[in-house]
Amino acid sequence: MRISNSLSNRLGWIGLTMAAATLVPVDGFTAEVNVYSARKEALIKPLLDRFTADTGITVNLVTGNASQLHERLVSEGRNSPADLFVTADVGNLYRAKTAGVLATVDSEVLRAAVPAAYRDPDGTWYGLSLRARVIVYALDRVSRESLSTYEALADGEWSDRVLVRSSSNVYNQSLIASLIAAHGEEQTEAWARSLVANMARRPKGGDTDQIRGVAAGEGDVAIANTYYYGRLVASDDPDKRAIADATRIFFPNQDGRGAHVNVSGAGVTAHAPNAAPALRLLEFLASPAGQQMFAELNHEFPVDVSVPASKVVQAWGDFKADTSGLARFGELNGAAIRLADRAGWP
Ligand code: FE
C-alpha cells in the first residue's frame, strides 16, 4: 500500500497552522487516528494531546509491549483498526516491515525531517528520536582512559566486570548486528564469547538494573542506552540520582565507526482505516516541535540535529554516531540472535 502525500502537501504546514489556530475541521480527513504504541503512555501521550489541540483530530492510543502489539497487528491483518505503529529499535521496526504490517509512505516532509540513516530506504518506518548504546562506568573504579570500544570489553582486563542484559533484548541484538556489519559473523561470535566470559553475573533485568549494578559494585562497566542514564540524572528520587552520581557514560568507538545509535520510530500501518490523518500525525512527530517533545520526554537525541536536546542530554556533549546503516542492522537481527545463542549469551 502506498499513501499519497498530495493532500498533506496541499495543506502543508501552513494549512496545519491555520487549522490549529481556528480548529476548523479539515476536508478530506477523518478526524480520528488509532495509534498502537510500544512506547509508554507517559512518553507519547503529551505529543498526541498537542497534535489533537493543533488539528482537532482525535487520537485513540493503545499501548503495550512491542512483541504483543506486533502480533496483534499481524493477527488483525486487514481488520486492524490501527493506523500508526510506534515502537523502539530498528529490530522491531524491520520486523514489522517484513511482516507486511507497515505501509510504504511517500512524504517529502518526512524525507526532509529524518536523515536517511534513520529511516527505512523503502519508506515504511521513520526514526523519530535517537538513543546511543553506551558504556556506563563506575566513577571510582574505572578511568575513562581505560575505555575505548565495544570490542575492547571482550579483553581480559574486563574479566568479571561487565554488566549487560539478556541477548533476548532487541537493543543487544541490534548492537550485535552492528558488530556483524563491521567485522563479520566469525569475529563477532568470538567477541560475544569473550564478552560472556567477562560478565560479572548472569544477565538479569533491564538497562537501568545494569547501571544500578555498577553503582552497587556488582560490576564496573555496563552496556546501556543513554536515556536510562538520563532518567537517573533527572530523577526526583535522591537514590536514583546517587546512582547517576556514582557513574558516568562513555561513548565508545569514537576513533572508528562511532557509537551504536538506534531509533524509536513509527510507521503508518498497511491497512490503516485513517491513513491520511495518520500520516499527518507522523509528520507532526517528525516536525521540530514534535521531535523536541518526543526527545525531551525520554532524554533522547532528536533525529533532526537542528532541534535542541534536553539539558541533561546536552551535558554529555557531542559524539560520533555509527551511521553506517541502521536498516542493515534490522536485516541482520536474525543472524545476531543465532550468534548470541551460539556464544552462550543468555
Ligand atoms: Fe528502552
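Once the Cα atoms are used to define both axes, helix 66-76 deviates from the longest principal axis of the chain by about 40 degrees. For residue 82, what charge total do you get from the other residues with a beta carbon under 9 Å from its beta carbon, if Lys and Arg give +1 and Asp and Glu give -1? So the surrounding residues net to -1. Roughly what angle does helix 41-55 make with the longest principal axis of the chain, taking Cα atoms, 0 to 90 degrees, to the nearest 10? Helix 41-55 and the main axis of the chain meet at about 20 degrees. At a probe radius of 1.4 angstrom, the accessible area of the range 286-332 per residue rounds to 45 square angstrom. Taking the 0 to 90 degree range and rounding to the nearest ten, how far is the long axis of helix 333-342 tilted relative to the main principal axis of the chain, both from C-alpha atoms? For 333-342 against the chain, the angle is about 20 degrees. Pairs of Lys residues in the chain, spaced 8 or more positions apart or belonging to different chains, with C-alpha separations under 21 angstrom: 4 in total. Rolling a 1.4 Å probe across the protein heavy atoms gives the range 134-216 an accessible surface of 41 Å² per residue. Taking max minus min of the alpha-carbon positions on each principal axis, the chain gives extents of 65, 40, 32 Å, largest first. Is any residue of the range 250-284 close enough, with backbone N under 12 Å, to a label point placed 7 angstrom from the Cα of residue 144 along the Cα-Cβ axis, and if so, which? Hits in the range 250-284 for residue 144 at 12 Å: 250-251. Annotation: per residue accessible area for the range 232-276 equals 37 Å², rounded to a whole number [probe 1.4 Å, protein chains only].
For the chain, with all protein chains present and a 1.4 Å probe, just round the carbon and sulfur fraction of the accessible area to a whole percent. With neighbouring chains kept in place, the figure for the chain is 50 percent.
The values are calculated or read from the model by the stated rules, or taken from the named source; none is laboratory data. Fair warning: this is a prediction, and the values are worked out from it, not measured in the lab. Don't worry about glycine lacking a Cβ; one is built from the backbone with ideal geometry, like all the others, and counts go over all protein chains shown. Please note that ligands, DNA and RNA were not included when accessible areas were found on the heavy atoms of the full protein model with its side chains. Shrake-Rupley method; radii C 1.70, N 1.55, O 1.52, S 1.80 Å.
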